[in-house]
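Nothing in this text is a laboratory measurement; each read-out follows from the coordinates by a stated rule. Predicted, not measured: the structure shown is a model, and the values here were computed from it. Because the Cβ atoms are built from the backbone with ideal geometry, glycine has one as well, and the counts that use them run over all protein chains shown.
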Amino acid sequence: MNLKMDPVYEQLIKKANRSHENNRSPAEIDQHDVCRARLYCYAFRAQMIGTFHATRLTIQGRPPAGALSNAYQNRAVETLDDLAMDAVPADFRAVISTLYRYHRGVLRVIQCTERDCRESQDTEIGKIGRRFCEIIEQITTSCGIALTQDTEAPPQVSFVVPNLGIIIAPLVYGKNHSWGLAFLAGEAHDVPTHRHQHGVEIHLGFNPTHGVTVLEDCRASVEEGGYAMPIPPMVDHGWVNTGDAIYHVPFIFGSLIHGGWGVFWTSSRSPDRLKSYRWSSGTAFRSIRWSIWSARFRGPKQKGLPGIRRSSPTPSQTVREAAGWN
């Protein structure tokens, strides 16, 4: 199974290989190479809770056919675990270290699944490897900007959040901020009320929205209008879908202090007390003085856009030091 590559990506890998052949010399690498390599590295990093995580669990779920097969599976799993989220350098190391390591790592996974399939005659392992290769090729065949979509949870890419049971798919991974999507379908029709130990999160909503957003001890109806809700750490929040349509909740989280997706490992479910929460009649939940912006929330019209109440949080309310945002 050969990994398809865009000429730009292939050239970067060739330069990295020549650098390693010459004692890691950076002589051939210029700033343009560094910028391209950083884009590819961030695209790979988004797969920490995407195909790296999903493929590892899928491989672990297959029964080994023998000692050699077991060794192949363990090697592939260890490789995925080793694709950790180190800082992406802003110099030649982005090419000869970070991107080079990602490239060799994904090739190793593909090779291990191929060997395992031959040894064990397990056709499912072969399918796992091919699917992994397809997902990685979305990165390696791009120009550096890997496109993503938010219409469905692709197979072998998503992540089930512990304690909440909702399906998450990574969309964009940035140095300081990441963008993900919660797919509310099937039994997981809502986002259970929960809280994060650290970091500020922002829940977003796009048309059509039919539901109730929850923040601390307040709830507000969101009908046919977008919204953005900043959420401080250790504050209960969630979403209750009141319509029949499947709804997806985009969210933004700081990448800096959590290694990107650590937000999910610090989340804990809160008791469901929705009926006891008071209704907020405006766009701001005054109990914690955080703004919710929406063109369709019930609230008095003020000077400016109709139906929007503006509230500017003070610096002390942004919890900047604990958020990992820059």
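The gain in end-to-end length when the Asn2 to Asp91 segment is fully stretched comes to 29.1 nm, 0.36 nm per residue minus the alpha carbon separation. What separates the Cα centres of the stretch 98-152 and the stretch 16-74 is a distance of 9 Å.
Taken one residue at a time, the phi angles of the stretch 6-21 give Karplus couplings (6.51, -1.76, 1.60, θ = phi - 60°) of 5, x, 5, 4, 4, 5, 4, 5, 5, 5, 5, 4, 5, 4, 5, 5 Hz. Gly and Pro are set to x. Extension gain, Met234 to Phe206: 0.36 nm times the residue separation minus the Cα-Cα distance gives 7.6 nm. Percent of C-alpha pairs per 10 Å bin in the stretch 7-140, short distances first: 13, 41, 28, 16, 3. Just add up the charged neighbours of Gly61: K/R +1, D/E -1, any other residue whose Cβ is under 12 Å from the Cβ of Gly61. With Lys, Arg at +1 and Asp, Glu at -1, the net is 0. Loop-located GluC sites (Glu not before Pro) across the stretch 188-228 with a Cβ neighbour count of 15 or fewer within 10 Å are Glu224, with loop assigned by DSSP.
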